[in-house]
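The values are calculated or read from the model by the stated rules, or taken from the named source; none is laboratory data. Please read these numbers as outputs of a predicted model, since none were measured by experiment. Don't worry about glycine lacking a Cβ; one is built from the backbone with ideal geometry, like all the others, and counts go over all protein chains shown. Keep in mind that these areas ignore ligands, DNA and RNA; they rest on the heavy atoms of the full protein, side chains included. Shrake-Rupley method; radii C 1.70, N 1.55, O 1.52, S 1.80 Å.
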Amino acid sequence: MKTRHEGRSPAISGIVKVSILCVSVIALSGCPSTESLYRQAYTHYLWEEEAEALALLDRILEKDDSYAQAYILESLIFQKRGESDKALVLLEKASQKAPGSAVVRFNLGNLYFQRRKYEDARTAYRAAIERDPSLSEAHLNLANTLMAVSYTHLRAHETVLDLVCRLLLEK
């Protein structure tokens, strides 16, 4: 009795066996990894395919509700849509899940700045910088935040640059 693989080279039979083994491992392990789903969601986000990105992010959070990056990306989508209240709730969840994350604080600063809550933005950017001093975007955004509020805090003899330096040094 002949089998389907009879007459094929041993190398091809080996490839078929490895493929079957890989499919079996994937089937046993369940869904794609959280990181894989996140990469897919991020790609959809970059291509402005928000519905697809949100669907994948929901799958991630169903699997692992401690995955702070998913909350951050979801919040960015809602910020872009102008739904800053939803974005804030998501960033607060991310903050609970990853309290030491500079990226979470940075994104909170961005949201507060967008909402013109400059003191909250300043606090969030400073927290991001404390957690990761190499996060140059946080330094830049902190300076921009200080510029936005600078004219109300400007002393008679100060230039705007003096004020920014003074506010950067304040705790």
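Taking the criterion of being outside any helix (DSSP H, G or I) and at pLDDT below 95, the residues of the range 28-47 that qualify are G30, C31, P32, S33. Does at least one position in the range 98-114 carry a residue that is modelled with pLDDT of 95 or more, basic (K, R), within 26 Å of L54 (Cβ to Cβ) and open to solvent by 20 Å² or more (accessible area, probe 1.4 Å)? There is at least one residue in the range 98-114 that is modelled with pLDDT of 95 or more, basic (K, R), within 26 Å of L54 (Cβ to Cβ) and open to solvent by 20 Å² or more (accessible area, probe 1.4 Å). From the list T123, T145, the one residue that fits, being crowded, with 19+ Cβ neighbours inside 10 Å, in a helix (DSSP H, G or I) and polar (S, T, N, Q), is T145.
Within the range 69-121, being out of contact with any Lys or Arg (no Cβ under 7 Å at 6 or more places or on another chain) and basic (K, R) holds for K80, R81, K86, K93, K97, R115, R116, K117. Take S66 and decide whether it is more than 12 Å from the chain's Cα centre (by Cα), more than 26 Å from P133 (Cβ to Cβ) and of a type in the set (G, A, S). Considered against the rule, which asks whether it is more than 12 Å from the chain's Cα centre (by Cα), more than 26 Å from P133 (Cβ to Cβ) and of a type in the set (G, A, S), S66 comes out as no. Is the range 103-115 home to any residue that is in contact (Cβ under 8 Å) with a residue 12 or more places away in the chain, under 20 Å from L142 (Cβ atoms) and not in a helix (DSSP H, G or I)? Scanning the range 103-115 turns up at least one residue that is in contact (Cβ under 8 Å) with a residue 12 or more places away in the chain, under 20 Å from L142 (Cβ atoms) and not in a helix (DSSP H, G or I). Looking at the structure I just gave you, is E137 at pLDDT below 75 and either over 22 Å from the mean Cα position of the chain (by Cα) or open to solvent by 80 Å² or more (accessible area, probe 1.4 Å) (or both)? No, not satisfied.
Determine whether L163 is open to solvent by 70 Å² or more (accessible area, probe 1.4 Å), in a helix (DSSP H, G or I) and modelled with pLDDT under 95.
no
Cβ-Cβ distances below 8 Å connect the following pairs, each with a first residue in the range 59-72 that is crowded, with 18+ Cβ neighbours inside 10 Å, a second residue that is part of a helix (DSSP H, G or I) and of a type in the set (K, R), and a separation of six or more residues or different chains: Y67/K97; A68/K97; Y71/K93; Y71/K97. Sort out which residues of the range 136-150 are touching a Phe, Trp or Tyr at 6+ places or on another chain (Cβ under 6 Å) and of a type in the set (A, V, I, L, M), and write them in order of number. A138, L142, A148, V149, listed by residue number.
Of everything in the range 77-87, what is surrounded by fewer than 18 Cβ atoms within 10 Å (Cβ to Cβ) and either assigned to a helix (DSSP H, G or I) or in contact (Cβ under 8 Å) with a residue 12 or more places away in the chain (or both)? Give them in sequence order.
Of all residues in the range 77-87, those surrounded by fewer than 18 Cβ atoms within 10 Å (Cβ to Cβ) come to 80-86.
Listed by number, the residues that qualify are K80, R81, S84, D85, K86.
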